[in-house]
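Visitor: I have a structure I would like to understand better, so I am pasting it below and will then ask my questions one at a time.
The values are calculated or read from the model by the stated rules, or taken from the named source; none is laboratory data. This one's a predicted model, so the numbers in the text were calculated from it and none came from an experiment. Glycine also receives a Cβ, built like all others from the backbone with ideal geometry; neighbour counts cover every protein chain displayed.
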């Protein structure tokens, strides 16, 4: 409750975070990032949460981010920064991810590779790929969509991260007794961070995965299924407007190839109303590793019994 009470006037909070009152007013006016309250005299007072947000943003600017990039990063955080900004130790996944983002956006590939090596020495492969590299891919896509970074930045950083994840995936052995799987993004989908993470999950379980990524023509998916004859087809969709086409492809393939088990995942499905989800339910993978395991085990059982 105390964090929502106004404590600092603009002069006090400016001194605490080390920026000029004029700069603070400009940030507040342009980005709507603060929520000052007014006292009985009508004066604006900033809360403890405002102070935490400002300190976080100033830290990112000091690291080399522009203020617009820092704000976009704040808005895209999934670890609760807006609700409760925490000071992480220097080697935490979040700190490593933020520093890696800064290095990539300033085209410092050598230092970025060193930092990734450091991350793999501290944490498990799965944690680094999901919590650092995969999360970073999602953040990069979000920054680009909001116009906070250029297409050159997006292509450079995404390609480097995808290459590193792909090297890890292809180094894992596959079990020939398990059915083959195809992994592909849905129509008009260009963000493959989630699909890469799910593919790594499959590869670590021993599945041979034919990873197709993005920019696949709708008709080509059907042709590849016919050629490969996989046990599984997995499709990713991150944008709500692409859900309908993705589901239609899944339904069409299921009708023509009833033996192929089809799984759909991605952020877009979390925005689908409950009534619309009913028809999609057999395809939906869920959004946690536990749900992925549950779905996969049930489909493997169906294949064994079928």
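Visitor: Out of segment 26-36, which residues are at pLDDT below 85 and in contact with a helix residue (DSSP H, G or I) (Cβ under 8 Å, 6 or more places away or on another chain)?
Guide: 31, 33, 34, 35, 36
Visitor: Kindly evaluate residue 60 against the criterion of being crowded, with 16+ Cβ neighbours inside 10 Å, in contact with a helix residue (DSSP H, G or I) (Cβ under 6 Å, 6 or more places away or on another chain) and modelled with pLDDT under 85.
Guide: Answer is yes for this residue.
Visitor: Just to be sure before I move on: is residue 268 under 18 Å from the mean Cα position of the chain (by Cα), at pLDDT 85 or above, assigned by TED's automatic domain parsing to the domain that holds residue 179 and surrounded by 16 or more Cβ atoms within 10 Å (Cβ to Cβ) in the structure I sent?
Guide: Against the criterion (under 18 Å from the mean Cα position of the chain (by Cα), at pLDDT 85 or above, assigned by TED's automatic domain parsing to the domain that holds residue 179 and surrounded by 16 or more Cβ atoms within 10 Å (Cβ to Cβ)), residue 268 qualifies.
Visitor: Any chance you could count how many residues in segment 295-306 are loosely packed, with under 13 Cβ neighbours inside 10 Å and part of a helix (DSSP H, G or I)?
Guide: 6
Visitor: Considering each of 148, 111, 86 in turn, give the residue that is at pLDDT 85 or above and under 25 Å from residue 19 (Cβ atoms).
Guide: Working: 111 fails: under 25 Å from residue 19 (Cβ atoms); 86 fails: at pLDDT 85 or above.
148 is the lone residue from the list that is at pLDDT 85 or above and under 25 Å from residue 19 (Cβ atoms).
Visitor: Restricted to segment 199-237, and to residues that are part of a helix (DSSP H, G or I) and touching a strand residue (DSSP E or B) at 6+ places or on another chain (Cβ under 7 Å), which residue is nearest to residue 301 (Cα to Cα)?
Guide: Only one residue tops the list, namely 202.
Visitor: Mind listing whichever residues of segment 158-180 are under 21 Å from residue 267 (Cα atoms) and touching a helix residue (DSSP H, G or I) at 6+ places or on another chain (Cβ under 6 Å)?
Guide: 158, 161, 165
Visitor: Which residue, of 17, 37, 58, is touching a residue at least 24 places away in the same chain (Cβ under 8 Å) and in contact with a strand residue (DSSP E or B) (Cβ under 7 Å, 6 or more places away or on another chain)?
Guide: On the way: 17 fails: in contact with a strand residue (DSSP E or B) (Cβ under 7 Å, 6 or more places away or on another chain); 58 fails: in contact with a strand residue (DSSP E or B) (Cβ under 7 Å, 6 or more places away or on another chain).
After applying the criteria, what remains is 37.
Visitor: Let me ask something else about it. Test of understanding: among 223, 202, 196, 233, which residue is over 21 Å from residue 280 (Cβ atoms), under 23 Å from the mean Cα position of the chain (by Cα) and assigned by TED's automatic domain parsing to the domain that holds residue 300?
Guide: 196
Visitor: Restricting to segment 217-231, name every residue that is buried (at least 17 other Cβ atoms within 10 Å of the Cβ) and either at pLDDT below 90 or touching a helix residue (DSSP H, G or I) at 6+ places or on another chain (Cβ under 7 Å) (or both).
Guide: 221, 225, 231
Visitor: Moving on. Quick one: is residue 55 part of a helix (DSSP H, G or I), surrounded by 12 or more Cβ atoms within 10 Å (Cβ to Cβ) and at pLDDT below 85? Talk me through it step by step, then tell me what you get.
Guide: Working: part of a helix (DSSP H, G or I): yes; surrounded by 12 or more Cβ atoms within 10 Å (Cβ to Cβ): yes; at pLDDT below 85: no.
The answer is no for residue 55.
Visitor: Look through segment 63-77, keep the residues that are touching a helix residue (DSSP H, G or I) at 6+ places or on another chain (Cβ under 7 Å) and part of a loop (DSSP other than H, G, I, E, B), and return whichever of them is modelled with the lowest pLDDT. It would help to see each step written out before you state the result.
Guide: Let us first name the residues in segment 63-77 that are touching a helix residue (DSSP H, G or I) at 6+ places or on another chain (Cβ under 7 Å), namely 63-65, 67, 69-74, 76.
Checking the rest, the ones that are also part of a loop (DSSP other than H, G, I, E, B) come to 64-65.
Working: 64: 72, 65: 77.
Once the filter is applied, the top-ranked residue is 64.
Visitor: Right, another one. Looking only at segment 253-299, count every residue that is over 19 Å from residue 194 (Cα atoms) and touching a residue at least 60 places away in the same chain (Cβ under 8 Å) and tell me the total.
Guide: Matching residues across segment 253-299 total 1.
Visitor: Now for a different question. Do you know which residues across segment 144-198 are without any contact (Cβ under 8 Å) to a residue 24 or more places away in the chain, over 25 Å from residue 117 (Cα atoms) and part of a loop (DSSP other than H, G, I, E, B)?
Guide: 147, 150, 177
Visitor: Suppose we filter 140, 130, 149, 168 for residues that are closer than 25 Å to residue 202 by Cβ, more than 16 Å from the chain's Cα centre (by Cα) and surrounded by 16 or more Cβ atoms within 10 Å (Cβ to Cβ); which single one remains?
Guide: Within the list 140, 130, 149, 168, the selection yields 168.
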